[in-house]
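Structure record follows, encoded as structure tokens.
The values are calculated or read from the model by the stated rules, or taken from the named source; none is laboratory data. What you see is a predicted model; the values in this text were computed from it and never measured. A quick note on method: Cβ atoms are made from the backbone with ideal geometry, for glycine too, and the neighbour counts reach across all protein chains shown.
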Amino acid sequence: MLRSLVRHWPEYLMEATGLGILVIAVCSFALLLIHPDSLLVQAVESAVVRRLLIGVAMGATAIGLVYSPWGKQSGAHFNPAVTFTYFRLRRVAGTDAAWYVLAQLCGALVGMGMMVLIFRRWLSHPAVHFAATMPGPWGAGITWLAEFTMSALLMTVVLTATNSRRFSRWTGVFAGLLTVVNVSLLVPIIGTSLNPARALASAIPAHIWHGFWVYLTAAPMGMLAAAGLYVRRHGAAAVFCAKLHHENSRRCIFCQTRGGTKSHSQSDAGM
């Protein structure tokens, strides 16, 4: 464990920082486009349009993180469910997976802590409620199914794109577009998150634990199911690396290559 920390601490710190930025972005866009005192809320009367704007903003944030220097080096997981799935695919070492998940949790909590410290008065407003995710009116079961399905779709897209010569460089864009769909369409109706660390960061200050098991279990199970189907169809060797963006000059702690040099050719699976 300590040896991995000494060798790979930059990647762990990048994962923590990236998820912290993601949580800060979630809270910031919620304040700007949900809080009733916001000038943007007063200017844009339609709740549907405001939710679409939040979705686009979060999608752009996700894309920016994937293609940032940090995302290019760490692999841009920024999600414990993604890291755990790649660990199960044997593309992330056990010690790296443990440190990644710990870093992601710490990053999410620190990001939320910073926002609460500065904006508690506004974040605690019932309309915002610390950007907490809660099961929708159809109940925890439907929310779990939606969370499972969207997580499975996200991992399917990631695996298909990253292991394709034609689409690998667009993985971040595809993930960002799915984020837009999830945030703008599903969150207001069902309450999906797709990220246990992000959900936990909001649940703690909001003191909302009803249905939290949904966000703790559905995303990992959905991604694992998608990975299992992908491997059954294409074989384990078709999964190249745990990085979402590998066409860059940053070091890779997963396949120990530099400069995007590949240990084997990417497949055209799913093309």
* Restricting attention to the range 193-207, does a residue exist that is part of a helix (DSSP H, G or I), among the small types (Gly, Ala, Ser) and either free of Cβ contacts under 8 Å to residues at least 40 places away in the same chain or surrounded by fewer than 18 Cβ atoms within 10 Å (Cβ to Cβ) (or both)? -> no
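To keep it simple, each residue is scored yes or no on (1) outside any helix (DSSP H, G or I); (2) touching a His at 6+ places or on another chain (Cβ under 7 Å); (3) under 19 Å from Trp99 (Cβ atoms).
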position	(1), (2), (3)
Trp9	no, no, yes
Val26	no, no, no
Val41	no, yes, no
Glu45	yes, no, no
Leu52	no, no, no
Gly55	no, no, no
Ala62	no, no, no
* Structure fact -> Flagged in the range 159-175 as under 24 Å from Val56 (Cβ atoms) and among the aliphatic types (A, V, I, L, M), in numbering order, are Ala161, Val173, Ala175
* Asked: Across the range 99-145, what is the total count of residues that are assigned to a loop (DSSP other than H, G, I, E, B) and either under 21 Å from Ala219 (Cβ atoms) or more than 21 Å from the chain's Cα centre (by Cα) (or both)?
  -> 12
* **Sole exception among (1) under 27 Å from Gly222 (Cβ atoms); (2) under 18 Å from the mean Cα position of the chain (by Cα) for Pro69, by number** => (1)
* List pairs: first in the range 240-257 and under 20 Å from Leu89 (Cα atoms), second at pLDDT below 85, Cβ under 6 Å, 6+ apart or cross-chain? -> Phe240/Gln266; Cys241/Cys255; His246/Gly260; Cys255/Ser263
